[in-house]
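The values are calculated or read from the model by the stated rules, or taken from the named source; none is laboratory data. Given the structure is predicted, the values throughout are model-derived calculations rather than measurements. Cβ atoms come from the backbone with ideal geometry, glycine included; neighbour counts cover every protein chain shown.
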């Protein structure tokens with residue numbers, strides 16, 4: 001079976017579109033591989049088959065913020081914007097672990113947009129979904145306090161009340177600085193809300209953490 005038959009959305013496309021896509025070979029990338037950097041030209045549209053890619057915006061002071069994650073079935077808004085608008089990448093994409101993907105070159109991408117209504121719907125539906133995610137990120141950073149964003153991150157990502165994540169990664173995920181995250185976690189640990197180990201946060205007072213999740217922005 002070809003890769004398009006294993007990809008739910010693409011498997012429903014018309015036969016000519018699938019045949020054209022099947023001429024493209026999947027690529028495997030190792031964990032930590034940088035897929036694109038700011039200033040690079042967009043080479044094509046990415047279809048994730050497995051794994052996850054983190055797309056981060058890096059500021060002039062070296063701080064970075066996680067814009068979004070691309071998992072199978074999701075799109076990369078940076079690539080779509082670059083293809084449609086002609087702009088270069090403004091963020092950096094890194095494979096969070098081993099990943100498998102297909103790069104649809106620019107000429108094939110536009111040929112499919114012209115010829116396949118199903119492909120057009122797929123691209124713009126994924127684009128709209130990603131835009132909603134970006135709007136949520138802007139809303140969170142603008143109107144939620146650091147405490148609220150950090151508490152939400154821990155509550156949503158913890159497994160059995162334990163989150164394995166570095167403080168630097170937490171800061172990137174909530175759009176803050178590592179020093180700010182470190183101070184908040186130390187304060188919460190002294191209050192008995194969490195316990196801290198290297199690369200791990202354990203929830204010891206879920207009710208207290210949920211109260212912090214609702215703390216207003218100042």
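Listed residues 137, 185; which is farther than 23 Å from residue 78 by Cβ, surrounded by 14 or more Cβ atoms within 10 Å (Cβ to Cβ) and either assigned by TED's automatic domain parsing to the domain that holds residue 79 or more than 17 Å from the chain's Cα centre (by Cα) (or both)?
Of 137, 185, the one residue that is farther than 23 Å from residue 78 by Cβ, surrounded by 14 or more Cβ atoms within 10 Å (Cβ to Cβ) and either assigned by TED's automatic domain parsing to the domain that holds residue 79 or more than 17 Å from the chain's Cα centre (by Cα) (or both) is 185.
Among the residues of the stretch 124-137, are any without any contact (Cβ under 8 Å) to a residue 40 or more places away in the chain and more than 30 Å from residue 10 (Cα to Cα)? No - not one qualifying residue is present in the stretch 124-137. With respect to (1) surrounded by fewer than 20 Cβ atoms within 10 Å (Cβ to Cβ); (2) under 20 Å from residue 209 (Cα atoms); (3) in contact (Cβ under 8 Å) with a residue 12 or more places away in the chain, the lone exception for residue 157 is condition (3).
Step by step: first the residues of the stretch 198-218, then only those that are surrounded by 19 or more Cβ atoms within 10 Å (Cβ to Cβ) and not in a helix (DSSP H, G or I), then the one that is nearest to the chain's Cα centre (by Cα). Which residue is that? Checked the stretch 198-218; the qualifying residue nearest to the chain's Cα centre (by Cα) is 201. Residue check: residue 195 meets all listed conditions (1) over 26 Å from residue 40 (Cα atoms); (2) assigned to a strand (DSSP E or B); (3) within 21 Å of the chain's Cα centre (by Cα) but one, namely (3).
Under the condition of being in contact with a strand residue (DSSP E or B) (Cβ under 8 Å, 6 or more places away or on another chain) and modelled with pLDDT under 90, which residue from the stretch 109-134 is nearest to residue 71 (Cα to Cα)? That would be 130.
Conditions (1) at pLDDT 95 or above; (2) in a loop (DSSP other than H, G, I, E, B); (3) surrounded by 13 or more Cβ atoms within 10 Å (Cβ to Cβ); (4) out of contact with any helix residue (DSSP H, G or I) (no Cβ under 9 Å at 6 or more places or on another chain), marked per residue:
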site	(1), (2), (3), (4)
46	no, no, yes, no
54	no, no, yes, no
61	no, yes, no, yes
65	no, no, yes, no
81	no, no, yes, no
87	no, yes, no, no
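The one condition from (1) at pLDDT below 90; (2) surrounded by fewer than 18 Cβ atoms within 10 Å (Cβ to Cβ) that residue 77 does not meet is (2). Scanning the stretch 16-30 for residues that are assigned to a loop (DSSP other than H, G, I, E, B) and either within 18 Å of residue 76 (Cα to Cα) or not assigned by TED's automatic domain parsing to the domain that holds residue 78 (or both) yields one hit, 26. Could you list, in sequence order, all residues of the stretch 1-50 that are free of Cβ contacts under 8 Å to residues at least 40 places away in the same chain and within 16 Å of residue 100 (Cβ to Cβ)? If the condition is that a residue be free of Cβ contacts under 8 Å to residues at least 40 places away in the same chain and within 16 Å of residue 100 (Cβ to Cβ), then 1, 2, 4, 5, 22 are the ones that fit.
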